[in-house]
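Structure record follows, encoded as structure tokens.
Every number in this text was worked out from the coordinates using simple rules, so none of it is lab data. As the structure is a prediction and not an experimental result, all values here were calculated from the model. Heads up, the Cβs are rebuilt from the backbone with ideal geometry, glycines too, and the neighbour counts pull from every protein chain shown.
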């Protein structure tokens with residue numbers, strides 16, 4: 001079911017929607033679909049109910065009916081904070097977006113912020129920041145020092161906790177205001193901004209940054225070409241660009257069932273070559289688990305020319 005707990009403005013519709021969420025959580029998708037259809041008789045333009053109906057119908061194997069519901073969700077909320085375009089793409093009814101809707105990523109992590117660290121670290125065994133730290137120090141040595149580092153998609157500041165001691169200054173950005181508030185509260189960032197990655201990178205002068213980090217961020221970015229170009233502009237010679245990816249076995253990038261993007265090793269190599277980066281490492285790793293299984297990934301260390 002959709003994560004957003006919103007109101008339709010109709011008490012009866014809201015009540016049915018809540019019952020439907022409960023039914024879906026218990027695996028009774030037929031009951032959920034029936035309740036959501038009742039909800040939409042009362043509030044026919046309420047996008048969260050259409051989205052939830054799409055999820056219920058998809059769970060029941062009713063692909064065409066799910067497509068119709070997700071399309072209605074998108075029509076009634078073009079900003080697409082629920083990710084209907086991603087669902088439609090997974091169902092083959094929409095071109096795969098090169099990037100997810102910003103509103104979707106922002107709302108997802110705003111709602112997630114309060115339990116982000118507990119869920120990631122304890123439940124999903126998340127360790128991207130530690131993996132990236134080890135990659136940086138493995139390349140530069142345990143006494144490595146950086147003048148000005150950037151943490152793309154900084155979240156609550158987990159990456160900074162791992163590497164800030166090696167950085168004279170560290171700045172971060174995230175689409176989620178709730179995440180950025182927690183990052184600022186850590187006291188580890190010179191600047192922490194609610195911003196799109198590209199806009200954030202554009203705010204820095206050319207040849208001014210000697211470390212750029214992106215821990216488990218590019219799973220929410222499909223086409224990475226613009227990010228590589230923006231990083232290439234601002235890094236000094238010898239700077240490191242270090243990031244983790246979810247691994248695709250072929251092609252360039254693809255959208256998985258988890259609505260995260262995976263990228264192929266060959267795609268990373270082509271982008272690195274196109275923007276002048278040398279590949280110091282591109283290692284198989286797993287930064288987290290999903291349903292108790294390690295998620296195949298890559299840890300990449302690039303060196304600026």
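Compared with the dominant principal axis of the Cα atoms in the chain, helix 265-274 is inclined by about 50°. Spin-label model, residue 125 to residue 274: label points 7 Å out along the Cα-to-beta-carbon direction sit 3.5 nm apart. In plain terms, the chain from residue 206 to residue 134 could stretch by 23.2 nm, reckoned as 0.36 nm per residue minus the Cα-Cα distance.
Taking the fewest neighbouring Cβ atoms within 10 Å as the starting point, the ordered list for 170, 159 is 170, 159. The angle between the Cα long axis of helix 11-25 and the main principal axis of the chain comes to about 60°, on a 0 to 90 degree scale. If the chain linking residue 37 and residue 11 were pulled fully straight, counting 0.36 nm for each residue of separation and taking away their Cα-Cα distance, it would gain 7.8 nm. Per-residue ellipticity at 222 nm from helix content only, as computed over the chain with -39500 (n - 2.57) for each DSSP H run of at least four residues, stands at -12500 deg cm²/dmol.
I'd like the orientation of helix 225-234 relative to the chain: the angle between its Cα long axis and the longest Cα principal axis, in ° from 0 to 90, rounded to 10. It works out to around 30 degrees.
When 42, 279, 163 are arranged by Cβ crowding within 10 Å, least crowded first, meaning fewest neighbours, the order is 279, 42, 163.
As a proxy for reagent exposure, 258, 171 were ordered by neighbouring Cβ count within 10 angstrom, fewest first; the result is 258, 171. Estimated from the Cβ-Cβ distance and a Förster radius of 30 angstrom, the FRET efficiency linking residue 250 and residue 26 is about 0.20. Each part gets one Cα centre, and for region 25-86 versus region 160-208 those centres are 36 Å apart.
Could you tell me whether region 113-303 comes out rounded, prolate or oblate from its Cα gyration tensor? Rule is a ≥ b ≥ c as square roots of the eigenvalues, rounded for a/c under 1.5, then prolate if a/b exceeds b/c, otherwise oblate.
Values: a/c = 1.37, a/b = 1.05, b/c = 1.31.
The shape class here is rounded.
Here the peptides 49-55, 243-249 are ranked by packing, the mean other Cβ count within 10 Å, and the order with the highest first is 49-55, 243-249.
Computed from the C-beta positions of residue 196 and residue 93 and an R0 of 30 Å, the FRET efficiency is 0.65 to the nearest 0.05.
Ordering of 11-17, 286-292 by packing is 11-17, 286-292, highest average first (other Cβ atoms within 10 Å, averaged per residue).
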